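Each remark here refers to the structure printed beneath this line.
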Amino acid sequence: MTSLRQPGFRLLLALAAFGSALSLAAHPVHTSHAEADYRAETQRLEVALNVFADDLLLALLRHTGRDLSYEQTPAAELDAALRDYVAAHFRVIARDGQPQILQWVGREFDRGDGERSLWLYCEFSLPGGPDGAQLHHALLQQIFKGQHNTVTLRDGPRRVTLTFAPNSEAKRISFPELDRE
């Protein structure tokens with residue numbers, strides 16, 4: 001019977017733990033996706049951002065200078081840090097050129113995809129609708145050089161997907177013409 005005190009077993013255990021930590025911290029794909037729905041009745045853009053949870057903690061460390069934790073940091077403190085980070089890296093500018101203020105809604109974990117991901121929810125006032133407004137999604141791009149982000153934006157039956165490569169500028173929202181057939 002193998003004993004936990006045997007040096008070989010401890011080495012195997014340490015290597016397995018190290019390998020697991022590497023696989024959690026270093027995944028080969030650096031992307032995030034957002035779903036944004038414009039609600040004409042409220043003139044608000046409702047945004048749901050999906051990011052890798054561990055990547056976001058690295059970004060928060062760089063953004064705040066503090067080592068935050070989903071499990072140990074008080075919820076109000078963590079939400080404030082998340083709100084500030086998202087506001088700094090996800091921007092909406094109305095068609096009149098005015099930056100819109102992010103209103104934090106909340107967050108929730110999605111553990112169904114194998115990697116621990118986090119949904120971040122926020123809203124922006126968008127008077128006059130999304131046509132001609134600008135959007136910029138740069139979450140995690142200051143951490144990962146190859147980070148690519150997408151936003152799928154819907155306004156009723158209209159839909160457009162915007163892609164943000166590293167160092168991308170804000171993009172003007174323009175919907176393709178709908179087929180009338």
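Can you find even one residue in the stretch 96-107 that is open to solvent by 40 Å² or more (accessible area, probe 1.4 Å) and more than 28 Å from Ser174 (Cα to Cα)?
Yes - at least one qualifying residue is present in the stretch 96-107.
Give the stretch 36-45 a look and list any residue that's part of a strand (DSSP E or B) and open to solvent by 50 Å² or more (accessible area, probe 1.4 Å), or say none.
Passing the criteria: only Arg39.
How many residues does the stretch 51-79 contain that are assigned to a helix (DSSP H, G or I) and either open to solvent by 50 Å² or more (accessible area, probe 1.4 Å) or among the aliphatic types (A, V, I, L, M) (or both)?
14
Are any residues in the stretch 155-181 over 18 Å from the mean Cα position of the chain (by Cα) and outside any loop (DSSP other than H, G, I, E, B), and if so, which ones?
If the condition is that a residue be over 18 Å from the mean Cα position of the chain (by Cα) and outside any loop (DSSP other than H, G, I, E, B), then Asp155, Arg158, Arg159, Val160, Arg172 are the ones that fit.
Does Ala48 satisfy being in a strand (DSSP E or B), open to solvent by less than 60 Å² (accessible area, probe 1.4 Å), modelled with pLDDT of 95 or more and under 30 Å from Gly129 (Cα atoms)?
yes
Report, ordered by the first and then the second residue, all pairs with beta carbons closer than 9 Å, sequence separation of six or more or different chains, a first member in the stretch 65-88 that is free of Cβ contacts under 8 Å to residues at least 12 places away in the same chain and more than 16 Å from Leu120 (Cβ to Cβ), and a second member that is in a helix (DSSP H, G or I) and open to solvent by 60 Å² or more (accessible area, probe 1.4 Å).
Final answer for the pair search is Asp67/Leu61.
The values are calculated or read from the model by the stated rules, or taken from the named source; none is laboratory data. Everything quoted here is computed from the prediction, not taken from an experiment. For neighbour counting, all protein chains shown are included, and Cβ atoms are generated from backbone atoms with ideal geometry for every residue, glycine included. Calculation scope for accessible area: heavy atoms of the full protein, side chains included, ligands and nucleic acids excluded. Shrake-Rupley method; radii C 1.70, N 1.55, O 1.52, S 1.80 Å.
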